[in-house]
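The values are calculated or read from the model by the stated rules, or taken from the named source; none is laboratory data. Remember, predicted model here, so these are calculated numbers, not experimental data. Using ideal geometry, Cβ is built from the backbone for each residue, glycine included, and neighbour counts are taken over all protein chains shown.
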Amino acid sequence: MPRRERPLDTEDGTARFAAGLRDLRTKAGNPPYRELGRRAHYSAGTLSDAAAGRKLPSLAVTLAYVQACGGDVADWERRWREAAAEVAVAEPAADNADVASPYVGLAAFTTDDADRFFGRERLVELVATRLAQRRLVGVFGASGAGKSSLLRAGLIPRLRAEDPDRRVLLFAPGAHPMRELESLDDDPIIVVDQFEEVFTLCEDAEERTRFIDTLLAAAQRNCLVVLGVRADFYGHCTAHAELVEALRDAQIAVGPMTVDELRQAITQPALSVGCTVEGALLAELVVHTHGQVGVLPLLSHALRETWRRRRGNTLTLTAFQATGGIEGALAHTAEALHAELRPHQQDLLRDLFLRLTALGDGVEDTKRRIAREDLGDHDELIDRLVDRRLLTVDGDTVEITHEALIRCWPRLRDWLADNREGLRIHRQLAEAAAGWQELGREKGALYRGTRLAVARDWAATGAATARERDFLDASVRGADEEQKVTQRHTSRLRFSVVTLTVLLVVAATATGLAISAQNSANEQRDIALSQNVAGEAAQLRAANPALAAQLALAAYRLRPTVEARSGLLTAFATPYATKLLGHNGNVWTVAYSPDGRHIASGGEDNKVRIWDVGGARPEVAADLTGYGHDVNVVAYTTDGKILATGSDDNTVRLWDVADPRRPQEIGVAKGHTGGVRGFRLFTDGTKTKPEGRSIHNVPTNRNQCERDDDWCPWYQVFLRKLRC
C-alpha cells in the first residue's frame, strides 16, 4: 500500500503550489506515482517531491506532472511563474544581499569590468597579435556577439598593460564622427566601437569619407586602429576601396562561444563574489546558448535577473525559469516596467523607444543615440529605464542599452511595425530640422509641397519636438508667402493669357475671312476653267472623239460642273464607244487609265483587254490572260502604272502596265473562298482592299500581314514595286 503524503501548510506559497498538484492528481483518479512517472518520463521520486511542498519544482518537472494528469499546461505554466516570483520575494539572499551583481546585464562590459570578463581570452590574444602585425584591424560580428565587451573589457586592458603611457581613444562615431578626431595630435590607440554608426547616423557622405580616410592615414603613421563593426554592415565597408585594401588580411570574426568559454562566462563572475551556479542551471544555459549568434546580452541579462532571485549563495534553475528564460527575461523586464506605468507614461515610453530606434534599410533595425535635450522633459521615465538597464545615458546622449531589446521585446516590435512609415517621416523631419538649425534657419532648407503636407499630418500626433515644430511652423509661413507670390504671378499671367487670346481670336477671324475669300476665288476660277474645257471638248467631239473624251474627263475632275458632266456623259455615249469589240461574252467591268489614253475591260471570256484610245481610232494594246473564270473588276492606280483585277477564280492580280503593250504580271493574291467582285484602291494608290463573297485571314496590322502568306504576298509585292 502506498505511503500517505504529509499534510501541507497552505500559508506557504510553495506548499500551496504543491497542494494544487495534489488536487490535480486526485481529479485524474489518484494514479500511483510509478504510473505517473511512466507517463511523464520522470522518476516516481521526482514527481513525488514536486507535490511534497518542500521546494518549488522546476518548470519542466511541473509541466510533465500536469501533462501526465491531463491538466492545462498553459495555465499551470502561468501558475508556476507566479509561485516562482512569490518565492523569490519571500526568500531573498541572506549572507550577501548587498553584494552587487557580478553580471552586467544588457550593457556591454566596460574597461572597469575587466575583472569579471571571462571566456574571451583566446580571442583577445588573437586581436592583439593581429594588431601588432597590421596596425589596423576590423573586428566583425553579429549584434550581441560580444564585440564591444571584447574591445572594452578585453583588448584595451591588455594593450594598456603592455604600454601604460600610451593614450587610448575609445569612441563610437555618432552623427559627426570627425569631431572625435579633431584633437588627434599624437599617436594613440584608436578604438572605434559600433563603427556601423558611420553608415546609420552620419548623413554627410563627405564627412563619412574624410573620417575613414583619416583613420587609414593614422594607421599609416604609428597609430593602432581597431574597428568594431556589426557583421551585416560588412557590405557598406566594401564601398570604400582603400578600407577594403587595409582590411584584406586584418579581419577578426567574433563568433559564438565554445562550451568551455560559456562555462567560464557563466560561472566565474559568480565565483568571484563567493557564489555558485547550480549544475542544472549551468547545463540549461549551455544547451540554450551554445552555437547561438548574438545571444550573449540575453544570457547576461538572464543571469543578472537570476542573481536577483538567487537562493542563498546559489543561482538556481528555478530562479532562472522564473525570469522567463534566455529571451523571456529581457521581455519580462521591459514588460514589467510597462505595466507599472500609467497610460500617458506608456505612450511616452512608446514614443521614446521609437525615437531611439534606427530603421534598417536591408539590414536589421539598430539602436540610435539621441541628445537628451531632444527627448523632452522625461527625466523620471529615463531614470527608471536606466535603473532597469534598458537605457544607457552617456554624457548628454541616451541610447537603448543593447539591440537585443529590439529583437526580443514583442511589444517594441509591434510598435515598430505599426509606426514604420511614421518613423521614416520623423527621421527625415528631425534631420531636416537639425540641418535648418545649423544653416542659421535658412529659408532654402525649409520643407515645401508634399513633404511639408506629409510632415504636418504626422506632427498632428503630437510626437514632434520643439525644434521640429519650429521648423514646420517656419516651413508653413514660407509656403504661405510663396503661395501669395504665386497667386499674384498667376493673376498677371491670367490677364496676359486673356489678352493674347482675344488678339489670337481677332487674328484667326481675319485669317479665316481671307482664306474664305481666297477659296471662293479659286472655286470660281476652277468652275470657269472647267466650263471652258468642256466647251472645247464639245467642239472636238466630231473631229477627234478620243481627245474630246479626255478633255471632258479633265474638265469633270477639275470641277464637276453641269457642262463638264454633260460633256463626259456625251463623250462616252457616242457610237465610238460601241466599237470596242473583242470580248467573247458579256463585259462585266471597265476602267479608264488616269491619263485617259487606255481602257481596261474584263468579262466572261476569262481575260482582261487593254485598249489604246489615245489615237484617232481605238485599238487593242494587249490581252491579260491566265484567269480561270470571269473577270469581275479592274482598276488603275493613280499613276496609271499598275492595274489591279479581281476574278471569280478567287484571286486578285496586279499587272505592271507602265508599257501597256507589254504588260507584266507582278503578283497574285490568293485566299478568298469565293469570287472577287470588287475592291477599293486607297487614294494614294499604295493599298487595295479586295471585296467578295467570302474573305478570310484579313490581317489586323502590318506585322500580321507580313506573316500571312495566303493573303498578303500581292500586297508586299505591290509595296516593293512602288518603292522601286
Exercise. Quick one: would you say ALA172 is within 36 Å of the chain's Cα centre (by Cα), crowded, with 18+ Cβ neighbours inside 10 Å and not assigned by TED's automatic domain parsing to the domain that holds HIS301?
Worked result: yes
For this session: Filter the stretch 23-32 for residues that are surrounded by fewer than 18 Cβ atoms within 10 Å (Cβ to Cβ) and assigned to a helix (DSSP H, G or I) and give the result.
Result: ASP23, THR26, LYS27
For this session: Considering only the stretch 528-567, state which residues are closer than 19 Å to GLY615 by Cβ and touching a Lys or Arg at 6+ places or on another chain (Cβ under 7 Å).
Result: ALA548
Exercise. Restricting attention to the stretch 539-560, and to residues there that are among the polar types (S, T, N, Q) and surrounded by fewer than 18 Cβ atoms within 10 Å (Cβ to Cβ), which single residue is modelled with the lowest pLDDT?
Worked result: ASN544
Exercise. Just wondering, is there one or more residues in the stretch 282-300 that are more than 28 Å from VAL254 (Cα to Cα) and assigned to a helix (DSSP H, G or I)?
Worked result: no
Exercise. Hey, which of the helices (runs of 4 or more DSSP H) in the stretch 308-383, taking only ones fully inside, have at least 3 residues that are under 24 Å from ARG427 (Cβ atoms)?
Worked result: 343-355
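Listed here are the residues, each with its yes/no results for (1) in a helix (DSSP H, G or I); (2) among the aliphatic types (A, V, I, L, M); (3) closer than 30 Å to ILE599 by Cβ.
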| site | (1), (2), (3) |
| --- | --- |
| THR490 | yes, no, no |
| PHE495 | yes, no, no |
| VAL498 | yes, yes, no |
| ARG525 | yes, no, no |
| ALA534 | yes, yes, yes |
| GLN539 | yes, no, yes |
| ALA542 | no, yes, yes |
| PRO560 | no, no, yes |
| ALA571 | yes, yes, yes |
For this session: Looking only at the stretch 121-143, count how many residues are of a type in the set (Ser, Thr, Tyr) and free of Cβ contacts under 8 Å to residues at least 12 places away in the same chain.
Result: 1
Problem set entry | Contacts under 8 angstrom Cβ, first residue in the stretch 667-686 being under 14 Å from GLY628 (Cα atoms), partner surrounded by fewer than 13 Cβ atoms within 10 Å (Cβ to Cβ) and modelled with pLDDT of 85 or more, 6 or more apart | none
Exercise. From the set of residues in the stretch 175-184 that are of a type outside the set (A, V, I, L, M, F, W, C) and either crowded, with 17+ Cβ neighbours inside 10 Å or without any contact (Cβ under 8 Å) to a residue 24 or more places away in the chain (or both), which is nearest to THR111 (Cα to Cα)?
Worked result: GLU180
For this session: Output the number of residues of the stretch 207-249 satisfying the condition of being without any contact (Cβ under 8 Å) to a residue 12 or more places away in the chain and hydroxyl-bearing (Ser, Thr, Tyr).
Result: 1
Problem set entry | Yes/no for TRP436 being under 19 Å from LEU375 (Cβ atoms) and assigned to a helix (DSSP H, G or I) | no
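To keep it simple, each residue is scored yes or no on (1) in contact with a Ser or Thr (Cβ under 7 Å, 6 or more places away or on another chain); (2) within 14 Å of ASP648 (Cβ to Cβ); (3) in contact (Cβ under 8 Å) with a residue 24 or more places away in the chain.
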position: LEU581; (1), (2), (3): no, no, no
position: ASN586; (1), (2), (3): no, yes, no
position: PRO594; (1), (2), (3): yes, no, yes
position: GLU604; (1), (2), (3): no, yes, yes
position: VAL608; (1), (2), (3): yes, yes, yes
position: ASP612; (1), (2), (3): no, no, yes
position: GLY615; (1), (2), (3): no, no, yes
position: GLU619; (1), (2), (3): no, no, no
Exercise. For the stretch 70-85, does any single residue satisfy the condition of being among the β-branched types (Val, Ile, Thr), farther than 21 Å from GLY328 by Cα and either part of a helix (DSSP H, G or I) or modelled with pLDDT of 80 or more (or both)?
Worked result: no
Problem set entry | Selection status of ARG179, assigned to a helix (DSSP H, G or I), out of contact with any Lys or Arg (no Cβ under 7 Å at 6 or more places or on another chain) and either over 29 Å from THR258 (Cα atoms) or not aliphatic (A, V, I, L, M) (or both) | yes
For this session: Looking only at the stretch 663-670, decide whether some residue is of a type in the set (A, V, I, L, M), on the phi < 0 side of the Ramachandran plot, touching an Asp or Glu at 6+ places or on another chain (Cβ under 8 Å) and at pLDDT 85 or above.
Result: yes
Problem set entry | Listing of strands (runs of 3 or more DSSP E) fully contained in the stretch 580-648 that carry 3 or more residues being crowded, with 19+ Cβ neighbours inside 10 Å and in contact with a Lys or Arg (Cβ under 9 Å, 6 or more places away or on another chain) | 598-603, 619-624, 631-636, 642-647
Exercise. Within the stretch 272-294, how many residues turn out to be loosely packed, with under 14 Cβ neighbours inside 10 Å and not β-branched (Val, Ile, Thr)?
Worked result: 5
Exercise. Restricting to the stretch 132-158, what's the tally of residues that are among the aliphatic types (A, V, I, L, M), within 22 Å of THR214 (Cβ to Cβ) and surrounded by 22 or more Cβ atoms within 10 Å (Cβ to Cβ)?
Worked result: 4
Problem set entry | Pick from the stretch 185-206, criterion touching a residue at least 12 places away in the same chain (Cβ under 8 Å) and assigned to a helix (DSSP H, G or I), ranking: surrounded by the most Cβ atoms within 10 Å (Cβ to Cβ) | VAL198
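The rows are residues; the columns are (1) out of contact with any Phe, Trp or Tyr (no Cβ under 7 Å at 6 or more places or on another chain); (2) at pLDDT below 90; (3) surrounded by fewer than 19 Cβ atoms within 10 Å (Cβ to Cβ).
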{"position": "ARG208", "(1), (2), (3)": "yes, no, no"}
{"position": "PHE211", "(1), (2), (3)": "yes, no, no"}
{"position": "ALA217", "(1), (2), (3)": "yes, no, yes"}
{"position": "ASN222", "(1), (2), (3)": "yes, yes, yes"}
{"position": "VAL225", "(1), (2), (3)": "yes, no, no"}
{"position": "VAL229", "(1), (2), (3)": "no, no, no"}
{"position": "ASP232", "(1), (2), (3)": "yes, yes, yes"}
{"position": "THR238", "(1), (2), (3)": "yes, no, yes"}
{"position": "VAL244", "(1), (2), (3)": "yes, no, yes"}
For this session: Determine whether THR392 is under 28 Å from the mean Cα position of the chain (by Cα) and β-branched (Val, Ile, Thr).
Result: no
Problem set entry | GLU438 vs. criteria modelled with pLDDT of 80 or more and surrounded by fewer than 18 Cβ atoms within 10 Å (Cβ to Cβ) | no
Seminar exercise, completed: Scanning the stretch 649-676 for residues that are surrounded by 19 or more Cβ atoms within 10 Å (Cβ to Cβ) and aliphatic (A, V, I, L, M) gives VAL652, LEU654, VAL657, ALA669, VAL676
For this session: Report, by residue number, each residue of the stretch 649-673 that is among the polar types (S, T, N, Q) and assigned to a loop (DSSP other than H, G, I, E, B).
Result: ASN650, THR651, THR673
Seminar exercise, completed: Of the residues in the stretch 308-330, those that are crowded, with 20+ Cβ neighbours inside 10 Å and either outside the structural domain of ILE382 (by TED's automatic domain parsing) or touching a Cys at 6+ places or on another chain (Cβ under 8 Å) (or both) come to ARG310, LEU315, LEU330
Problem set entry | Pair list, Cβ < 6 Å and 6+ apart or interchain, from the stretch 401-419 residues that are surrounded by 20 or more Cβ atoms within 10 Å (Cβ to Cβ) to residues that are aromatic (Phe, Trp, Tyr) and at pLDDT 80 or above | LEU412/PHE353
